[in-house]
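In what follows, a structure is listed as C-alpha cells, so that the remarks can point back to it.
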Amino acid sequence: MKILDKNLGKSFSPVVQIMPFVTALTFSNLAIAGSDIHENHRGHHHHDAVELSGLLSSHQHQAGEWMFGVSYEQREFSGNYYGSTQINSEVLSAAGFSMYASAMRMDMAMLHIMYAVSNKVTLVLMPHYMKMDMDMMPLADTMHGSMHNATASMTNSMMAHSAHGSMHNMSVSGWSDTVLGATVRLWDEAELLIQANLNISAPTGSVQQKQGNGQFMPYGMQLGTGTWDALPGITVRQNIGTRLLMGGRLSTRLPLESKNESGFSVGEIYTVESWIGCSLKEAVALSVRLTYEKQHRISGHYNGPHNHASPTDFQRNYGGEFLDFGLGIHVNPRISALRLGLEWIVPLSEHYNGFQLGRDQGVSANVSWAW
C-alpha cells in the first residue's frame, strides 16, 4: 500500500519535500522537552510510562537491572519503481534487464539483552536472525529492431550472465549482524531523559550467500553487511504529565571498512525519528511515529561470479530516501515487569536510487521482561 502518489517524484524527491516537517517536529519535541524541564516535579520519574515498540533499546535501567526482550519485524515489497515513479516490465526490459524481482518478504527477529552497570550506563547485546524470500520473473523480449545496437549488446551480455531464465524463488535465512555497545544517560531530570546510543555492529551475518550454481545472491539477499559498522545516536524523551510522552532520535549507521570479504560495502544510513505516545489507561498506551531514513548506494563490487540480469544485481539500485508512519499499541502491566508492543508501519513517501522493489506495509512486535 502506497499512501502518496509516486508520480510526484518524476523530477524531485517527495521525501525531500516532507523532510523539513519531520525534522521540525523532532526538534520541536526536543524544544518542548527543554521548556518543560522546570514545569514538572523533580525526583519522580516515569520515563517508561509509554514504551514504544521498535524503540526497545532506548529504555534506560537502574544499576544492577537486567532486561531480556524479543522483537519481530515483518516487511513486504512489491511493484517496481524508478525514483518515485512506479514502472512496468516494459520499462525494465527497455533498460536492458532480462529478469526482475516481483515480490519480496523480509522477517527479522532480534534478541535484546541489557544490563545496567550503573544508573547511567546500560550495556546492550542484540543478535539478529533474518529470513528473506524473493520472487524473480523473466522479462518478455520487448526489444525492437530500431533500438541501438549498444543496448541490444548490453542485453545479450546480461542474459549471458543470468543463472535463470524462468520464474523462480530465492530464499535465505540465518543469523544476521550483532549489535553491541552501551546507552549512556546524559541527563535525567524533571521528566526529561537524554541518552547517547554508543553501539557498533559486528559482522556476524553471512555475505557469502550463493545460488545453486555457485553465483552470489543479489546484494540485498545477503544476511549482513559484512563490515564493522558504527551505530551512534542520541535519544531525547520527555514525559508531559502522567499520560503523554514525546521524543525524538537521531541515529546513523556508518561502515568502518571500505569493503567486506565479498568485495562490497553497504551504504551509510541516516535516520530521524519523532514520536508521541499517550496512555489511555494505566497499562495501555497508543503511539504515532514518523521515521525518515536516507540510505546511500552500495559501493564496491562482488569479487566472485554473479548475475547481471536484474536490477537487484547492480549496486546503484540500492538505497534512497524513505518516510514511514507508525501506529502502535503498548501494554505495560503495572503488576509486573512485562512489556508488550505492536506497531503497524505504513510508507508515506519513498524515493529510490535507480530501479527497486517498492516498500509495502510492515509490522513490528516486541515483548520484554526486566528484573
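Any read-out appearing in this document is the output of simple, stated calculations on the displayed coordinates, not a laboratory observation. Bear in mind that the values here come from a model prediction, so they are computed numbers and not experimental data. All Cβ positions, even for glycine, are placed from backbone atoms using ideal geometry, and neighbour counts span all protein chains on display.
The figures follow:
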{"item": "Order of Glu90, Glu273 under a 10 Å beta carbon neighbour criterion, fewest first", "result": "Glu90, Glu273"}
{"item": "Distance in nm between pseudo-label sites at His168 and Lys281 (7 Å out along the Cβ direction from Cα)", "result": "5.4"}
{"item": "Calculated FRET efficiency for the pair Leu198/Ile329, C-beta based, R₀ 35 Å, to 0.05", "result": "0.70"}
{"item": "Label-point separation, Asn88 to Asp188 (7 Å along Cα→Cβ), nm", "result": "5.9"}
{"item": "Span from the segment 195-247 Cα centroid across to the segment 71-107 one, whole angstrom", "result": "22"}
{"item": "Per-residue Cβ neighbour rank within 10 angstrom, fewest leading, Phe355, Phe68", "result": "Phe68, Phe355"}
{"item": "Fewest-first ranking of Tyr115, Tyr219, using other Cβ atoms within 10 Å as the exposure measure", "result": "Tyr115, Tyr219"}
